[in-house]
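First up is the structure itself, then whatever we jot down about it.
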Amino acid sequence: MEQDYINKRITELRIKKGVAEHKMSIELGHSRSYIQSISSGRSFPSMTEFLAICDYLGVTPRDFFDDDISNPPLIREAVDKLKTLSDGDLLLILTMINRLQS
């Protein structure tokens, strides 16, 4: 995996969240150009900053690197709500998912 992947994934998830680079930078406690410098490849976040970025974007580090998931925060919210359902309700949801996929 290359550094370019991290830059592009941050940009992808930031856009899905609907937040501007400068706003995200400021809300993470940095200068207005912090995220732009990462997105452009001029800088690279430390591990601590990477974890803060994941938290800000509403994704786990695992979700961040799973590019098969196009909208990790939405998937995580759905899974969290599924965990509270009864077995019968889960079977109904599964039936609906199977019907939607066919």
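The values are calculated or read from the model by the stated rules, or taken from the named source; none is laboratory data. What you see is a predicted model, and the numbers here were worked out from it, not measured in a lab. As a convention, Cβ positions derive from the backbone with ideal geometry for all residues, glycine included, and neighbour counts pool all protein chains shown.
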Give the residues of the range 14-30 that are more than 26 Å from residue 80 (Cα to Cα) and not in a helix (DSSP H, G or I), sorted by residue number.
20, 29, 30
Could you list, in sequence order, all residues of the range 20-51 that are under 15 Å from residue 9 (Cβ atoms) and without any contact (Cβ under 8 Å) to a residue 40 or more places away in the chain?
21, 24, 35, 38, 39, 40, 41, 45, 49, 51
For the range 1-35, which residues satisfy the criterion of being of a type in the set (Phe, Trp, Tyr) and within 16 Å of the chain's Cα centre (by Cα)?
5
Got a sec? Which of 15, 26 is surrounded by 14 or more Cβ atoms within 10 Å (Cβ to Cβ) and among the β-branched types (Val, Ile, Thr)?
26
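Rundown of residues vs (1) assigned by TED's automatic domain parsing to the domain that holds residue 26; (2) more than 20 Å from residue 2 (Cβ to Cβ); (3) modelled with pLDDT of 95 or more, yes/no style:
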{"residue": "52", "(1), (2), (3)": "yes, yes, yes"}
{"residue": "56", "(1), (2), (3)": "yes, yes, yes"}
{"residue": "59", "(1), (2), (3)": "yes, no, no"}
{"residue": "62", "(1), (2), (3)": "yes, no, no"}
{"residue": "76", "(1), (2), (3)": "no, yes, no"}
Of 33, 25, which residue is in contact with a Phe, Trp or Tyr (Cβ under 7 Å, 6 or more places away or on another chain) and of a type outside the set (Asp, Glu)?
25
Please find, among 85, 100, 51, 94, the residue that is out of contact with any Lys or Arg (no Cβ under 8 Å at 6 or more places or on another chain) and under 19 Å from residue 19 (Cα atoms).
51
